[in-house]
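Please read the structure below before turning to the comments.
The values are calculated or read from the model by the stated rules, or taken from the named source; none is laboratory data. Predicted model only: the values in this text are computed from it and were never measured. Glycine also receives a Cβ, built like all others from the backbone with ideal geometry; neighbour counts cover every protein chain displayed. For accessibility, only protein heavy atoms count, side chains too; no ligands or nucleic acids. Shrake-Rupley method; radii C 1.70, N 1.55, O 1.52, S 1.80 Å.
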Amino acid sequence: MTTPGGTRVRVVHERDVPAADAWLDPVERKTLAGLHVPKRRADWLRGRWAAKRAVAHWARLGESPSDLARVGIRPAPDGAPEAFVDDRPGPVLSISHSGPWAAAAVAPRGPLGCDLEEVRPLDDATVDLFFTEAERAEMRREAAGSARDQRTILLWSAKESALKALRAGLRRDTREVEASTGREAEAGWGSLRVRDDADGRVFEGWWRNLDGFVLTVVEGCAPSRRE
């Protein structure tokens with residue numbers, strides 16, 4: 001799928017991941033051999049399967065095992081995934097996984113972040129700890145129940161996407177970035193914005209519901225500004 005802003009996103013299910021490992025390159029097969037916890041191993045495989053297919057599409061490769069093995073996904077020093085095609089730098093990449101699903105977004109340039117989250121209730125203590133007052137006010141505009149749960153997880157996911165775009169992850173206080181949603185856009189996507197309090201940048205992005213999961217993508221930012 002493609003966001004209205006042009007970012008390509010690949011979403012895969014655990015049943016799609018091949019049992020054989022011919023689609024991994026030698027470095028990735030070595031990494032996989034060192035993953036002994038079943039959940040960690042399954043999450044890693046789903047994320048790589050989504051990422052390599054997204055990068056292969058960007059590079060106009062096929063999706064045979066030999067084509068996908070030409071795509072390498074490596075962790076940068078800060079932990080963010082980086083894509084390579086035939087050992088040359090590829091597109092900007094972001095990966096997420098939740099439940100049996102994984103998502104990967106690719107773009108020719110950053111900032112870029114994507115996040116996938118299962119819609120679920122969060123208790124009041126968690127909401128107070130991780131969300132700003134403006135975000136909590138947006139949640140309260142939804143009736144209690146599934147609609148509010150979706151709004152809460154959507155805002156959380158948008159914050160996660162922005163923190164990935166900042167290459168900071170949860171090392172930052174989540175209340176230092178503030179998410180809000182806009183009107184519905186097109187083809188099932190809604191718009192979102194996330195403001196970084198550190199420098200005033202505003203990240204633009206999109207979101208959609210995927211059968212009980214929320215997918216968010218941050219794919220650009222407005223110039224820094226102070227109010």
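Computed about the Cα centre, the dipole magnitude for the stretch 110-227 is approximately 260 debye when only Lys and Arg (+1) and Asp and Glu (-1) carry charge, each at its Cβ. Stretching the chain fully between Ser64 and Arg109 yields a gain of 13.6 nm (0.36 nm per residue, less the alpha carbon separation). Using just its DSSP H runs of length 4 or more, each adding -39500 (n - 2.57), the chain gives a mean residue ellipticity at 222 nm of -9000 deg cm²/dmol after division by all residues. For the stretch 175-183, the Karplus equation 6.51 cos²θ - 1.76 cosθ + 1.60, evaluated at θ = phi - 60°, returns couplings of 7, 7, 10, 10, 9, 8, 10, x, 6 Hz by residue, with Gly and Pro reported as x. Here the relative contact order of the stretch 1-101, from alpha carbon pairs under 8 Å that lie six or more residues apart, stands at 27 percent. In this label model, Asp21 and Ala144 are separated by 5.0 nm, measuring between points 7 Å along each Cα→Cβ vector. Relative contact order of the chain, taken over Cα pairs closer than 8 Å and 6 or more residues apart, is 17 percent. Under 5 Å between amide hydrogens, built in the peptide plane, is the criterion, and for Phe213 it picks out Val119 among residues at least 5 positions away or on other chains.
Over the stretch 76-227, what percent of the accessible surface lies on carbon and sulfur atoms, probe 1.4 Å? Whole-percent figure for carbon plus sulfur exposure: 50.
When the residues Thr126, Thr132 are ordered by accessible surface, computed with a 1.4 Å probe over the protein chains alone, the sequence from largest down reads Thr126, Thr132. Measure nothing but the geometry: give the 0 to 90° angle between the long axis through the Cα atoms of 146-165 and the longest principal axis through the Cα atoms of the chain, rounded to 10°. Roughly 60 degrees, rounded to the nearest 10. Taking the C-alpha atoms only, the angle from helix 38-58 to the longest principal axis of the chain is near 80 degrees. Here the dipole of the stretch 1-111 is about 140 debye; that uses its Cα centre as origin and unit charges on the Cβ of Lys and Arg (positive) and Asp and Glu (negative).
For a Förster distance of 35 Å, can you work out the FRET efficiency between the beta-carbons of Ala76 and Asp128, rounded to the nearest 0.05? It comes to 0.60. Largest to smallest in accessible area, the residues Trp189, Trp49 fall in the order Trp49, Trp189 (1.4 Å probe, all protein chains included). Given the C-alpha centroids of the stretch 68-106 and the stretch 134-165, what is the distance between them in whole angstrom? Cα centres, the stretch 68-106 to the stretch 134-165: 26 Å.
Here the Karplus relation 6.51 cos²θ - 1.76 cosθ + 1.60, evaluated at θ = phi - 60°, turns the backbone of the stretch 115-122 into coupling constants of 8, 10, 9, 6, 6, 7, x, 10 Hz, with x for every Gly and Pro.
When the Cα centres of the stretch 34-50 and the stretch 170-208 are compared, how far apart do they sit, in Å? So the separation of the two Cα centres works out to 28 Å.
Arg120 label point, 7 Å along Cα→Cβ, cut-off 20 Å on backbone N: hits in the stretch 171-198? Inside the label zone: 171, 174.
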